[in-house]
Amino acid sequence: MSENTDLIIVGGGISGASLLYTVAKFTDIDDVTLIEKEREIAAINSHRTNNSQTLHFGDIETNYTLEKAEEVKEGAELLAGYLEGTDPDREMHSKRSKMVLGVGDEEAAKLEERYRDNGFGDLFPKLREIGREDIAELEPKVVEGRDPDTELKALQTPDGYVVDYGAVAKSFVDAAREEEGVAVHLGTAVEDVDEGRDGFTVETDDGDFEADAVVVAAGSHSLQFAKEMGYGEHMSLLPVAGSFFLADDLLNGKVYTLQMKKLPFAAVHGDADVHDQGVTRFGPTAKLVPTLERGRLSTVGDFADVFGFSPASVLSYANILSDRILFPYVVRNLVYDIPEVGKRAFLPNVQKVVPTVDVDDIERAKGYGGVRPQIVDTENKELDMGEAKITGDGVLFNITPSPGASTALKNAMTDVQTVLDFFDEDHEFDEESFREATIENFPRVDDGEGDAEADADEAESEGDAADDDSDDRVPAEADD
């Protein structure tokens with residue numbers, strides 16, 4: 001089999017699916033093909049059990065600078081607007097209270113400074129500064145059993161979107177398939193991407209595909225393909241695997257703890273599950289793994305391809321892991337996976353959010369968790385927390401580090417512009433219609449949303465929980 005198309009997208013996670021949707025619905029590119037190695041869309045990191053289900057706006061992520069929050073905010077509003085417009089019955093998402101919790105005088109002062117002096121209160125009109133009494137009203141378990149003399153402060157917002165990114169990715173693909181010229185090939189593994197004089201040949205285990213342009217949106221594997229084609233030689237990956245612990249219905253919404261700029265993946269938070277309010281997740285943990293996919297030993301060799309074993313890569317890893325903050329954190333997270341010992345070690349993280357939780361109240365979520373690729377700059381021998389895209393002549397590699405799912409539509413909008421450049425601007429992007437279908441549906445303060453809606457949403461969530469006797473805690477049988 002050999003097929004010809006204008007554009008090939010490799011990868012059917014939230015990033016590849018959002019780009020397919022954007023190209024198919026809002027450009028005049030005639031033919032676009034998506035190729036995914038799994039037999040279903042969003043089967044790996046975008047699957048609902050493999051991420052924190054959070055739509056990151058930058059409002060309560062305390063590792064973000066104001067500039068970073070401004071960038072992330074638009075991306076989150078694009079996706080939130082899409083959900084508001086296409087998912088009125090909330091089958092793909094729910095909306096609840098969300099807060100970042102400061103415990104003690106030092107953390108409370110940091111939140112106050114962030115909100116009042118650093119501009120976050122101005123950037124996020126729905127964000128409000130609340131104290132112990134209001135926290136207790138929204139999240140009783142957060143205050144219950146806590147020392148009354150301990151200072152408590154939170155930054156809270158009603159924009160606590162809890163998202164099933166796998167379902168969203170499938171909705172993107174379904175919408176794209178409504179258009180002519182869209183092809184989706186599942187269960188088709190890409191083996192090689194060759195650049196020729198007149199375009200690209202994408203070799204798969206089900207035949208070859210010819211295309212004028214290629215976008216590789218395959219998560220950690222994107223850098224692997226890039227290196228095979230001679231790109232990204234100054235980059236490597238630090239794969240961080242996240243795990244979770246489960247408890248019963250302790251929280252009504254999302255409760256974050258303060259993050260460190262140096263360890264953005266370190267802060268533990270508690271979240272009510274998107275499909276079952278009766279389940280609360282705590283996490284993620286973050287351990288380093290020599291694989292590109294969680295629980296798949298077959299991807300150890302793929303990691304070796306990305307790592308490269310060059311002197312620059314080895315020195316970069318040594319420099320990063322010798323850090324006096326990162327190294328103890330890495331060791332501590334290895335302990336969390338040890339049966340019984342692990343949950344006892346993790347318990348203080350949970351108790352910072354819900355003080356009355358005991359070790360018997362939590363269990364490790366078997367089968368949950370994905371891999372978040374952290375970019376390593378082997379020239380400067382440090383972690384690079386910035387955007388991870390590599391552009392070549394007619395080819396784009398999108399590695400999508402966190403918060404890649406939250407900003408998937410914004411990344412797609414940016415990637416579309418790059419794709420149009422590949423075609424020498426022979427095609428157009430209808431950005432106005434794109435925004436009408438997405439961000440213009442996002443509810444704002446001047447639309448009448450405020451504390452009343454937050455209270456209503458919370459009441460709705462609690463009512464849904466009371467009516468839902470399902471147990472959504474049974475994941476795939478395979479344990480990590």
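The values are calculated or read from the model by the stated rules, or taken from the named source; none is laboratory data. Just so it is clear, the structure is predicted and the values come from calculations on it, not from any experiment. In this analysis, Cβ positions are derived from the backbone assuming ideal geometry, glycine residues included, and neighbour counts consider all displayed protein chains. To get the accessible areas, we keep the full protein, side chains included, count just its heavy atoms, and leave off ligands, DNA and RNA. Shrake-Rupley method; radii C 1.70, N 1.55, O 1.52, S 1.80 Å.
Tally up the residues in segment 50-82 that are at pLDDT below 95 and more than 30 Å from residue 111 (Cα to Cα), please.
0
Among 82, 165, which is out of contact with any Gly (no Cβ under 9 Å at 6 or more places or on another chain), closer than 29 Å to residue 48 by Cβ and of a type in the set (Phe, Trp, Tyr)?
None of the other options fit; the residue is 82.
Consider segment 42-57. How many of its residues are under 25 Å from residue 74 (Cα atoms) and part of a loop (DSSP other than H, G, I, E, B)?
Of the residues in that region, 10 qualify.
I'm told residue 300 meets every condition in (1) farther than 22 Å from residue 137 by Cβ; (2) in contact with a Phe, Trp or Tyr (Cβ under 9 Å, 6 or more places away or on another chain); (3) hydrophobic (A, V, I, L, M, F, W, C) except one. Can you identify the failing condition by its number?
(2) is the only condition that residue 300 fails.
Can you find, within segment 338-370, the residue that is nearest to residue 405 (Cα to Cα) among those that are touching a strand residue (DSSP E or B) at 6+ places or on another chain (Cβ under 7 Å) and outside any helix (DSSP H, G or I)?
Going through the qualifying residues, I end up with 369.
Could you check how many residues of segment 303-315 are crowded, with 18+ Cβ neighbours inside 10 Å and in contact with a Phe, Trp or Tyr (Cβ under 9 Å, 6 or more places away or on another chain)?
2
Which condition does residue 350 not pass, out of (1) closer than 11 Å to residue 245 by Cβ; (2) aliphatic (A, V, I, L, M); (3) free of Cβ contacts under 8 Å to residues at least 40 places away in the same chain, if it passes all the others?
The failed condition is (3).
Sort through 236, 243, 316 and tell me the only one that's assigned to a helix (DSSP H, G or I) and farther than 18 Å from residue 99 by Cβ.
So the residue among 236, 243, 316 that is assigned to a helix (DSSP H, G or I) and farther than 18 Å from residue 99 by Cβ is 316.
On the basis of being of a type outside the set (Lys, Arg), touching a helix residue (DSSP H, G or I) at 6+ places or on another chain (Cβ under 9 Å) and either open to solvent by 20 Å² or more (accessible area, probe 1.4 Å) or closer than 30 Å to residue 147 by Cα (or both), does residue 77 make the cut?
No: the conditions fail for residue 77.
Of all residues in segment 209-231 being in a loop (DSSP other than H, G, I, E, B) and at pLDDT 90 or above, which is surrounded by the most Cβ atoms within 10 Å (Cβ to Cβ)?
Residue satisfying both the conditions and the ranking: 217.
Could you check segment 27-38 and list, in sequence order, the residues that are under 24 Å from the mean Cα position of the chain (by Cα) and open to solvent by 10 Å² or more (accessible area, probe 1.4 Å)?
36, 37, 38
Pairs, please: C-beta under 6 Å, at least 6 apart or cross-chain, first residue farther than 11 Å from residue 172 by Cβ and in segment 16-29, second surrounded by fewer than 24 Cβ atoms within 10 Å (Cβ to Cβ) and small (Gly, Ala, Ser)?
26/433
Would you be able to say whether some residue in segment 205-217 is under 30 Å from residue 318 (Cα atoms) and touching a strand residue (DSSP E or B) at 6+ places or on another chain (Cβ under 7 Å)?
In the first step, residues of segment 205-217 are kept if they are under 30 Å from residue 318 (Cα atoms); the result is 216-217.
With touching a strand residue (DSSP E or B) at 6+ places or on another chain (Cβ under 7 Å) added as a condition, the list becomes 216-217.
For segment 205-217, residues under 30 Å from residue 318 (Cα atoms) and touching a strand residue (DSSP E or B) at 6+ places or on another chain (Cβ under 7 Å): present.
Just one of (1) in contact (Cβ under 8 Å) with a residue 60 or more places away in the chain; (2) part of a helix (DSSP H, G or I); (3) of a type in the set (Asp, Glu) trips up residue 38, so point out which.
Evaluating residue 38 over (1) in contact (Cβ under 8 Å) with a residue 60 or more places away in the chain; (2) part of a helix (DSSP H, G or I); (3) of a type in the set (Asp, Glu) leaves (2) as the failure.
For segment 371-480, which helices (runs of 4 or more DSSP H) that fit wholly inside it have 1 or more residues that are at pLDDT below 50 and small (Gly, Ala, Ser)?
Per the criteria, 451-467.
Mind listing whichever residues of segment 316-346 are hydroxyl-bearing (Ser, Thr, Tyr) and loosely packed, with under 12 Cβ neighbours inside 10 Å?
322
If you go through segment 137-173, how many residues are of a type outside the set (Gly, Ala, Ser), within 21 Å of the chain's Cα centre (by Cα) and outside any strand (DSSP E or B)?
Number satisfying all stated conditions: 6.
Restricting attention to segment 224-244, report how many residues are under 18 Å from the mean Cα position of the chain (by Cα) and of a type in the set (A, V, I, L, M, F, W, C).
Number satisfying all stated conditions: 5.
Got a number for residues in segment 93-122 being touching a residue at least 60 places away in the same chain (Cβ under 8 Å) and open to solvent by 20 Å² or more (accessible area, probe 1.4 Å)?
Quick first cut of segment 93-122, residues touching a residue at least 60 places away in the same chain (Cβ under 8 Å) only: 93-103, 107, 110-111, 120.
Going one step further and asking which of them are open to solvent by 20 Å² or more (accessible area, probe 1.4 Å), we end up with 103, 107, 110.
Selection size over segment 93-122: 3.
Quick check, is residue 353 at pLDDT 95 or above, over 20 Å from residue 237 (Cβ atoms) and under 24 Å from the mean Cα position of the chain (by Cα)?
For residue 353, the condition - at pLDDT 95 or above, over 20 Å from residue 237 (Cβ atoms) and under 24 Å from the mean Cα position of the chain (by Cα) - is met.
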